[in-house]
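Chemist: Dropping the structure in here first, questions after.
The values are calculated or read from the model by the stated rules, or taken from the named source; none is laboratory data. Here the structure is a predicted model, which is why all the values come from computation and not from measurement. Neighbour counts are summed over all protein chains in view; Cβ atoms, including those assigned to glycine, are modelled from backbone coordinates with ideal geometry. Quick note on the areas: whole protein, heavy atoms, side chains included, nothing else; ligands and nucleic acids left out. Shrake-Rupley method; radii C 1.70, N 1.55, O 1.52, S 1.80 Å.
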Amino acid sequence: MHADDPVFVAGGETTIGRAVVRGLARCGLTNIAAPSRDELDITDVGAVSDFIARTRPRFILVAAGRSGG
């Protein structure tokens, strides 16, 4: 993995997603896309396909979902 490799973190605004984004940034990655739910509805296949086609991530990490007690 190179510092400028594009990374897409789905669920980047969740508790886990924010931790993933911080960890990636601490490791020196500089091209991290973690759109909010308002910016990208990950339940919309067409929107996700368009996002991936536009941003061309090399890595996709999924941190989306419900968590907590």
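Chemist: For Thr15 and Phe59, what does the FRET efficiency come to when R0 = 25 Å and r is the distance between their Cβ atoms, rounded to the nearest 0.05?
Modeler: On the way: r = 20 Å, r/R0 = 0.82.
Taking R0 as 25 Å, the efficiency between Thr15 and Phe59 is 0.75.
Chemist: Would you mind classifying segment 1-41 by shape? Square roots of the alpha carbon gyration tensor eigenvalues, ordered a ≥ b ≥ c; an a/c under 1.5 is rounded, otherwise it is prolate if a/b is larger than b/c and oblate if not.
Modeler: On the way: a/c = 3.21, a/b = 1.57, b/c = 2.05.
Oblate is the answer for segment 1-41, as a/c is 1.5 or above yet b/c matches or exceeds a/b.
Chemist: Continuing with the same structure: How many Å² of accessible area per residue for the chain, probe 1.4 Å? Before the final figure, lay out the partial values.
Modeler: Working: 4850 Å² over 69 residues.
In whole numbers, the chain has 70 Å² accessible per residue.
Chemist: Tell me what the chain gives for mean residue ellipticity at 222 nm when only DSSP H runs of n ≥ 4 count, each as -39,500 (n - 2.57), the sum divided by the residue total, rounded to 500 deg cm²/dmol. Show your work: numbers first, answer last.
Modeler: Working: 2 runs with 23 residues, N = 69.
Result for the chain, helices only: -10000 deg cm²/dmol.
Chemist: Using a 1.4 angstrom probe on heavy atoms only, work out the carbon and sulfur share of the accessible area of segment 1-59 in %. Could the numbers behind the result be given before it?
Modeler: On the way: 2020 of 3950 Å².
Result for segment 1-59: 51 percent of the exposed heavy-atom area is carbon or sulfur.
Chemist: If you don't mind, another one. List the relative contact order of the chain as a percent without decimals, with contacts defined as Cα pairs under 8 Å and 6+ residues apart. Let's see the in-between values first.
Modeler: Details: 96 pairs, mean separation 32.7, N = 69.
The value is 47 percent.
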